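What follows is one structure encoded as structure tokens, with my remarks underneath.
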Amino acid sequence: MTNNQPNPYPSIRVLHEDLKNQRITSVELTQQSLQTIEATDSTLNAFLCQCKDSALQAAESHDVAFKRGDDVSPLAGIPIAIKDNINIKGVKTTCASQFLKSFVAPFNATVTSRLNQAGAVVVGKVNLDEFAMGSSTENSSFGVTKNPWDITKVSGGSSGGSAAAVASGQVIASLGSDTGGSIRQPASFCGVVGLKPTYGRVSRYGLVAFASSLDQIGPFTHTVEDAAYLLNAICGHDPNDATSSPQPVPDFTQALSKEIKGLKIAVPEELIGDAIDADIKQHVITALDLLKANGAMWETVSMPSFSASIPTYYIIAPAEASANLARFDGVRYTSRNQTAENLNDMIIQSRSDGFGEEVKRRIILGTFALSSGYYDAYYLKAQKSRTLIQNDFKRVYQDYDVIMSPTTPTTAFEIGAHHNDPLAMYNADLATIPANMAGVPAMSVPCGFSNGLPIGLQIFGHHFDEATVLRVGDAYQNLTDFHLKKLENQT
Amino acid sequence: MSATTAVNYEVIIGLEIHAQLNTQTKLFSSASNAFGNKPNSTVSPVCLGLPGALPVLNEAAVKKAILAGLALHCRINQTSIFSRKNYFYPDLPKGYQISQFDQPICGPGYLEISVSEQTKKIGITRIHMEEDAGKLVHQGAEGIAGATHSLVDLNRAGSPLIEIVSEPDIRSSKEAAIYMATIHELLVHIGVCNGNLEQGQLRCDANVSLRPVGTSTFGTRTEIKNLNSFRSVERAINSEIKRQTEVLSSGGIIVQETRNYDDMTQTTTSLRSKEDAHDYRYFPEPDLPPLVISDRVLAEVKATLPELPQVKRERYKTVLKLSKEVIKVLMGDIQIDHYFNKILHLNSAQKESVAAQDIAKWVVGDVNALLKENGQSFSQTLITPERLLELINMIQSGAISGKMAKSILPKLLTETTPLTAIIEADGGGQISDESALLDVISKILDNNSDVVLKIKNGKTQAAGFLMGQVMKETQGKAKPDLVRSLILAEVEKR
């Protein structure tokens, strides 16, 4: 397998050269993007809103800069989409919730400001599970986002809109957020690259919080190289986010040496066992063997704490969410129930009307876990379990450069398949949650197809070592062409 | 019912004092912490709890909290943790208050209070930092009852507070009021709180219980919320002691509950019982890393700890020998006190030519009255410490009389020209030129030979009449002690 097919998805590096040499304009790219959305989105439902005017306006100004020969960033003039739980000043941030359907953000998220600074052209905001709670985008108040590879299947979640928009060629890249796998799982389902950076690498300011100690914003792209460009633009310390890290930021595109000789890969038994679909397991082993054939080594390790990661996650994340979502009370910017006759009823009724079922389920779960008399048994125990997961990473990372696994136990499932079984839905995050628990970076890269649906290979790195994760992913894409496969049902 | 032996009860009181820190900006945002602005004008996305907003800790507030801890002899916890205290109310925009729970910034300490000339030590359990809530403004009625609707003002939301929790060491309502006043004085004097009670910058909750004298286990306590003056603390506790005594004496039991105090009726009423108490579901605030105070910062703050009020009061009394009344004025108003100390400092740089009592007399007396009359403040007036000291020095040197200084003082409120020019314009300084005075004195002695004779015969007090004549002639500008000695010398010669 070699990388000599014509690329249906031009990379940011190539587009940047074309823009610089005026072989194409940003306005043309943006119009193409808007036309693709026009043609495909009535089927896919990836976009919750489009910013046509501001996008074309921005594109025009970038074209002027290109014409002048200004030194501009690689992202200048590139059409992208942003998940609708990230603020863009003057644009609605709905979080795919009825409750926030009229909320217009009065300030930019730090990532939005940084992308503006880099010149990216935001064409619109994309769908998600309500408040980023879910694994299929079925929990959106504004309809499910369908999988571009098979529209009877889900696009994954919670960043399903971000993944589908890139997979279908509506935009070159997008941003999502990942609390327990919400970037990597939909990336895997939709056959694109999805990167969750190290916790603290990217500012959360302006991201509507789901679980503050786990949330992290990251990019969706076709290539690992493009992900490096996006990460370059959005990462780095932010004085508005006390949890953002002052760690120095390298140029991640410089890390893509394609060199993997001597790379030591650990594969957790817990993530390659019976819970994983056999075909997926086979594809992942094939991918590992390919890396081995090119100079890396891999072996299985035991990370026993991983077996507790789903229950641990479903205590910590809902606990934090129960507080984070308390600000939506009907008093200020949310919709308000008009029939309530006193303050308590107003708050209760507004929240009952405003939140969807899954969000309510998690608020109740989290409230319970923090309640007096239950705190020690649930929240505190979950924190201890989280420490065990962190310790397992520490131990394995003493001997290995990266950890690899399948991103998901199955490929994209049927829309409605888990409708009456939230636990089955929660299991979709089996392999992705550990990275959030430990705060380490992890990325999903396309590594094959099963019955025509994409499979994702997950690469975990050391804290703040996105460079190695990207280098390995880029080397793998250099050896394979799964990311170049064009959608057949594409118009 | 037959008469039983009346039980004597001991009163056990612990106070929780909330003090607003006088920082420029709020605890977790760069919005202004100033009071009295248009509703909802000193707010940021963080104070409004907007989706996506995140708290960032204000370092100045941390330093003030440490300073308060040091002043109360507390252990400073070099690692402390912020937690979320969860409850719903429209003045709390995030649905939780960021506070500190099981790992506060300051551990145990104490405060010495003075009760009837006796020193008593009150234990401090802890001090923690937290953000204030906003304010509801009820429309159509005084309170929430009867109001048609309520408006929310979030200017105060996010203001930095410290909560100082005392041990149950207080034994009377009077002690409680003294404790609160002593804390107030301390926080104001170390510069961490402006102490304006009307603006709610210092408020207090009182925990009150009774137990039979001689027993050692605590009785059931009630908590009286939101007392915002020394007097209301004393009165509220008195009324609660009375109520609890009546309940216990009639064989009843005290219910653990939160009570409200009404200053109009001077009674407390039940707000909510323990069963109805909120479950605040505290958990560590994931948006803020643990607060770590380095040795360097701790040493830096320690170095800025000013003289504590108790030490200062002792210095005023024993070293400066100031009167009780003067000390009371100085200690009661940090602006006057700062002004006074500034002059003391300038004076010591000038080899202490003026006595501290004289400085205090001018500051607390004439200057204080004059500024009050004219609505000026000590920190802003044109009568700067330098200027007042210069004036006092001129009295000291005899260039002008005290009386003249008093008449010039009002001019200094508006004029910045040199003192000598002002004095000249006012009719010149004091006459201390002997030859000039001798001319006047000779003339007056010539005209009053009978009085001269009396003096010569030993009635020296008659010199007073002659002095009066001289002062009249010189329009009061003659230096009195010089006039007196000159008159006596001249009489001797005749």
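The values are calculated or read from the model by the stated rules, or taken from the named source; none is laboratory data. All figures in this text were calculated on a predicted structure; none of them were measured in a lab. Every residue, glycine among them, receives a Cβ derived from its backbone with ideal geometry; neighbour counts consider all protein chains shown.
Exactly one residue out of A:71, A:84 is at pLDDT below 95 and of a type in the set (Asp, Glu): that is A:71.
Checking the stated criteria, residue A:303 turns out not to satisfy the condition of being at pLDDT 95 or above and either within 9 Å of chain B (Cβ to nearest Cβ) or surrounded by fewer than 21 Cβ atoms within 10 Å (Cβ to Cβ) (or both). Taking the condition charged (D, E, K, R), in contact (Cβ under 8 Å) with a residue 12 or more places away in the chain, surrounded by fewer than 17 Cβ atoms within 10 Å (Cβ to Cβ) and within 14 Å of another protein chain (Cβ to nearest Cβ), does residue B:302 pass? For residue B:302, the condition - charged (D, E, K, R), in contact (Cβ under 8 Å) with a residue 12 or more places away in the chain, surrounded by fewer than 17 Cβ atoms within 10 Å (Cβ to Cβ) and within 14 Å of another protein chain (Cβ to nearest Cβ) - is not met.
Listed here are the helices (runs of 4 or more DSSP H) enclosed by the stretch A:344-446 that have at least 3 residues being within 14 Å of chain B (Cβ to nearest Cβ), at pLDDT 95 or above and crowded, with 16+ Cβ neighbours inside 10 Å: A:357-370, A:381-397.
Residues being touching a helix residue (DSSP H, G or I) at 6+ places or on another chain (Cβ under 6 Å), of a type outside the set (Phe, Trp, Tyr) and outside any strand (DSSP E or B) are represented in the stretch B:240-261 by at least one member.
Within the option set B:280, B:339, B:316, being among the aromatic types (Phe, Trp, Tyr), under 30 Å from residue A:368 (Cβ atoms) and modelled with pLDDT of 90 or more holds for one residue only, B:280. Just one of the numbered conditions (1) within 30 Å of residue A:85 (Cα to Cα); (2) in contact (Cβ under 8 Å) with a residue 12 or more places away in the chain; (3) outside any helix (DSSP H, G or I) is not true of residue A:242: (2). Among the residues making up the stretch A:394-440, those that are under 17 Å from residue A:308 (Cα atoms) and touching a Phe, Trp or Tyr at 6+ places or on another chain (Cβ under 6 Å) are A:433, A:434, A:435, A:438, A:439.
The residue that is farthest from residue B:207 (Cα to Cα), among those in the stretch B:140-183 that are among the polar types (S, T, N, Q) and within 14 Å of chain A (Cβ to nearest Cβ), is B:148. Of the strands (runs of 3 or more DSSP E) lying entirely inside the stretch B:1-104, the ones with 3 or more residues being at pLDDT 95 or above and more than 14 Å from every other protein chain (Cβ to nearest Cβ) are found at B:9-20. Only strands (runs of 3 or more DSSP E) whose full extent lies in the stretch B:117-191 are considered here, and the ones with at least 2 residues that are in contact (Cβ under 8 Å) with a residue 24 or more places away in the chain, farther than 30 Å from residue A:332 by Cα and not small (Gly, Ala, Ser) are B:118-131, B:160-166. Conditions: (1) touching a Gly at 6+ places or on another chain (Cβ under 8 Å); (2) surrounded by fewer than 24 Cβ atoms within 10 Å (Cβ to Cβ). Residue A:31 meets all but one. Number of the miss? So residue A:31 meets the others, but not (1). For the stretch A:128-139, filtered to residues that are of a type in the set (A, V, I, L, M, F, W, C) and within 14 Å of chain B (Cβ to nearest Cβ), the residue that is surrounded by the most Cβ atoms within 10 Å (Cβ to Cβ) is A:128.
Within the stretch B:22-42, residues that are of a type in the set (Phe, Trp, Tyr) have Cβ atoms under 7 Å from residues that are part of a loop (DSSP other than H, G, I, E, B) in these pairs: B:28/B:46; B:28/B:55; B:28/B:56; B:28/B:57; B:28/B:58; B:28/B:158; B:35/B:199, counting only partners at least 6 apart in sequence or on another chain. For first residues located in the stretch B:57-82 and at positive phi, partners that are buried (at least 20 other Cβ atoms within 10 Å of the Cβ) and lie 6+ apart or on another chain with Cβ distances below 8 Å form the pairs B:73/B:109; B:73/B:111; B:73/B:124. Within the stretch A:264-286, residues that are exposed (fewer than 14 other Cβ atoms within 10 Å of the Cβ) reach no partner that is modelled with pLDDT under 95 with beta carbons closer than 7 Å at six or more positions or on different chains.
Each row is one residue, and each column tells you yes or no for (1) β-branched (Val, Ile, Thr); (2) modelled with pLDDT under 95; (3) in contact with a helix residue (DSSP H, G or I) (Cβ under 9 Å, 6 or more places away or on another chain).
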{"position": "B:109", "(1), (2), (3)": "no, no, yes"}
{"position": "B:127", "(1), (2), (3)": "yes, no, yes"}
{"position": "B:147", "(1), (2), (3)": "no, yes, no"}
{"position": "B:168", "(1), (2), (3)": "no, no, no"}
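Counting the residues of the stretch B:279-299 that are facing chain A (nearest Cβ under 7 Å) and surrounded by fewer than 17 Cβ atoms within 10 Å (Cβ to Cβ) gives 2. So for the stretch B:63-86 (the condition being of a type in the set (Gly, Ala, Ser) and more than 30 Å from residue B:122 (Cβ to Cβ)), does at least one residue qualify? No, because not a single residue in the stretch B:63-86 is of a type in the set (Gly, Ala, Ser) and more than 30 Å from residue B:122 (Cβ to Cβ). List pairs: first residue in the stretch B:434-455 and under 17 Å from residue B:475 (Cα atoms), second residue of a type in the set (Gly, Ala, Ser) anywhere in the structure, Cβ distance under 7 angstrom, at least six positions apart or on different chains. So the pair list comes out as B:437/B:478. For the stretch A:65-88, what are the residues that are farther than 14 Å from residue A:24 by Cα and part of a helix (DSSP H, G or I)? Scanning the stretch A:65-88 gives a single hit, A:68. Each residue in the stretch A:309-337 was checked for being part of a loop (DSSP other than H, G, I, E, B) and more than 9 Å from chain B (Cβ to nearest Cβ), and 5 pass.
Yes/no per residue for (1) in contact (Cβ under 8 Å) with a residue 40 or more places away in the chain; (2) farther than 19 Å from residue A:484 by Cβ; (3) within 14 Å of chain B (Cβ to nearest Cβ):
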{"position": "A:162", "(1), (2), (3)": "yes, yes, no"}
{"position": "A:165", "(1), (2), (3)": "yes, no, no"}
{"position": "A:177", "(1), (2), (3)": "yes, yes, yes"}
{"position": "A:188", "(1), (2), (3)": "yes, no, no"}
{"position": "A:195", "(1), (2), (3)": "yes, no, no"}
{"position": "A:206", "(1), (2), (3)": "yes, yes, yes"}
{"position": "A:209", "(1), (2), (3)": "yes, yes, yes"}
{"position": "A:224", "(1), (2), (3)": "yes, no, no"}
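The sole residue among B:488, B:453, B:482, B:437 that is part of a helix (DSSP H, G or I) and buried (at least 19 other Cβ atoms within 10 Å of the Cβ) is B:437.
Yes or no: the stretch B:307-320 includes at least one residue that is assigned to a helix (DSSP H, G or I), hydrophobic (A, V, I, L, M, F, W, C) and more than 14 Å from chain A (Cβ to nearest Cβ). Yes, the stretch B:307-320 contains a residue that is assigned to a helix (DSSP H, G or I), hydrophobic (A, V, I, L, M, F, W, C) and more than 14 Å from chain A (Cβ to nearest Cβ). Kindly check whether there is at least one residue in the stretch B:457-466 that is in contact with a strand residue (DSSP E or B) (Cβ under 7 Å, 6 or more places away or on another chain) and either touching a residue at least 12 places away in the same chain (Cβ under 8 Å) or small (Gly, Ala, Ser) (or both). Among the residues of the stretch B:457-466, not one is in contact with a strand residue (DSSP E or B) (Cβ under 7 Å, 6 or more places away or on another chain) and either touching a residue at least 12 places away in the same chain (Cβ under 8 Å) or small (Gly, Ala, Ser) (or both), which makes the answer no. Looking only at residues that are at the interface with chain B (Cβ under 10 Å from one of its Cβ atoms) and over 30 Å from residue A:17 (Cβ atoms) in the stretch A:98-127, which one is surrounded by the fewest Cβ atoms within 10 Å (Cβ to Cβ)? For the stretch A:98-127, the residue satisfying everything is A:106.
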